[in-house]
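To start, the structure itself, in structure tokens.
None of the figures in this text is laboratory data; all of them are computed from the coordinates on show. This one's a predicted model, so the numbers in the text were calculated from it and none came from an experiment. Note that we place each Cβ from the backbone using ideal geometry, even for glycine, and neighbour counts take in every protein chain shown.
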Number of protein chains: 2
Amino acid sequence: MSVTRERIMELAEELILTKGYNAFSYQDISSELGIKNAAIHYYFPSKANLGTSIVKNNFLRFEEMIENMDIRKFDEVKQLESFLRVYVKSAREQKICVIGSLGPDFNTLPEASQKELQKMTNRIIDWLTKLLETGRYNGVFAFKGDAHNRALLVLSTMIASLQMARVLDKQAFKDIHQSLIDDLIA
Amino acid sequence: MSVTRERIMELAEELILTKGYNAFSYQDISSELGIKNAAIHYYFPSKANLGTSIVKNNFLRFEEMIENMDIRKFDEVKQLESFLRVYVKSAREQKICVIGSLGPDFNTLPEASQKELQKMTNRIIDWLTKLLETGRYNGVFAFKGDAHNRALLVLSTMIASLQMARVLDKQAFKDIHQSLIDDLIA
DNA sequence: TTGCATACTTACTAATTAGTAAGTATATTT
DNA sequence: AAATATACTTACTAATTAGTAAGTATGCAA
């Protein structure tokens, strides 16, 4: 893989997570990387293509994360903690998450990006649902109601807590994050 | 107040809640209302001004809502339900909320809009905190931990549930909304 | 009836946007 | 050595953006 291509993707993702899809431009990337606009088009013919690539890449990283956790046979609490750590890292870096950034812009996204974002979100919800269900069965989680609804609640909470931290302050993320864990751990 | 001014504000708010701040343009408004671009500039000299006006207007509507509830002496559950009804209505209309739309775009907003959004968010959190605290004291709410943290959690949940409904489907909002209430009502 | 404020339109600008076509340097393969 | 593929740059376009300055129609007040 080309190093330039990777630097473009890395920066584009950062721009999406800090400025949003509709606020970042090819110029933002080219000026920062010291390359020309057309160089980005060489690797990513359209902004739609670049955006979709970033969602796909994010999806891939999630799949890799849960694969590694399966192998090491982490218990449910550890798996949840690993999942939540991704958001803790984002909060530290003043970023929000991909779903929280592209979700509000959903109606303006190219169809391929929309589809990929939906696929990833469903995949995360499915994984979380199973994790919560199993964890409750094993007595490490305690919560009322359907595990699927709880999974939606957990993901929603993490998405919004990063956004709240942006509007208010970092403490907001920590507070929400702690409340979530308090509610869930048996 | 001018009727044109009001129609601009109404449409601009809708555009922010459906397309986002950085994706909507003065053209979107002028073409829809059958007026010229410059007519919008007559009422709102800059996009910064228009954006800030919309946040202020939203803030005002929240203040009016909680004022009306105080007068009628609604109990805490009714007050929470009234508050949540705003989000239920948004979900029906395929909209997200102002904080959920402008929050992710925060870094790209003009300073006046940022300040106003912060003020409004803090005001909502303060109101929710007191409501939850009083409601728990009166035995109608049941939750663990600090009321302020719980207020952050409630607001976060509503913000993100609208976004999740956009990415997934309306059922996602209903599920999250129900989980939230189940958790809170004693 | 003159003057002034309100509510716009006309006509424009400068900047930025994504995107393209054609050229070029370098490395690799044949 | 020649041909080809890779990784770009140069130079451009058409569309869209927020914003402005000057003009105009209408109503109302002095």
Checklist entry - Hey, got the dipole for segment B:54-184? About the Cα centre, +1 on K and R Cβ, -1 on D and E Cβ, debye to the nearest 20? => result 220 debye
Checklist outcome for this item: Residues whose modelled amide H sits under 5 Å from the amide H of A:F141, counting only those 5 or more places away in sequence or on another chain, are A:R136, A:A186
Checklist outcome for this item: Loop-resident trypsin sites (Lys or Arg not before Pro) in segment B:2-102 with no more than 15 other Cβ atoms inside 10 Å, DSSP not H/G/I/E/B, are B:K36, B:K73
Checklist outcome for this item: In debye to the nearest 20, the charge dipole size for the protein assembly as shown, taken about the Cα centre with +1 at each Lys and Arg Cβ and -1 at each Asp and Glu Cβ, equals 240 debye
Checklist outcome for this item: Given the candidates A:A147, A:A186, A:S46, the one whose Cα lies deepest towards the positive end of the charge dipole of chain A, counting +1 at each Lys or Arg C-beta and -1 at each Asp or Glu C-beta, is A:S46
Item to check | Neighbouring partner chain Cβ atoms per residue of A:137-149, average, 10 Å criterion | outcome: 2
Next on the checklist: What does the net charge come to around B:Q94 if you take all other residues with beta carbon closer than 9 Å to its beta carbon, with K and R at +1 and D and E at -1?
Outcome noted: +3
Checklist outcome for this item: Using alpha-carbon positions, the gyration tensor of the protein assembly as shown gives root eigenvalues a ≥ b ≥ c; with a/c under 1.5 called rounded, otherwise prolate if a/b exceeds b/c, else oblate, the class is oblate
Checklist entry - Straight-line reach from A:K174: which aspartates and glutamates have a Cα under 15 Å away, not including same-chain ones fewer than 8 places off? => result A:E81, A:E93, A:D182, A:D183, B:D146
Checklist entry - Relative to the Cα centre, what is the charge dipole magnitude of segment A:1-120, using +1 at the beta carbon of each Lys and Arg, -1 at the beta carbon of each Asp and Glu, and rounding to the nearest 20 debye? => result 140 debye
Checklist outcome for this item: homo-copy label distances at B:A112 (7 angstrom along Cα-Cβ), nm, one dp, ascending, are 4.1
Next on the checklist: For A:K115, give me every one of the lysines with a C-alpha distance below 20 angstrom, ignoring sequence neighbours fewer than eight places off in its own chain.
Outcome noted: A:K47, A:K56, B:K19, B:K95, B:K170
Item to check | segment B:128-180: C-alpha gyration tensor shape, a/c 1.5 cut-off, then a/b vs b/c | outcome: prolate
Checklist entry - Going by a ≥ b ≥ c, the root eigenvalues of the Cα gyration tensor, does segment B:90-186 fall in the rounded group (a/c under 1.5), the prolate group (a/b larger than b/c) or the oblate group? => result oblate
Checklist entry - Going by alpha carbons, how many degrees (0 to 90, nearest 10) lie between the helix axis of B:170-184 and the longest principal axis of chain B? => result 40 degrees
Checklist entry - Assuming R0 = 22 Å, what is the FRET efficiency of A:Q171 and B:E111, from their Cβ-Cβ distance, to the nearest 0.05? => result 0.50
Checklist entry - Radius of gyration and Dmax for chain B's Cα atoms, expressed in Å? => result 17.7, 56
Checklist entry - How many angstrom separate the Cα center of segment A:6-31 from the Cα center of segment A:162-185? => result 26 Å
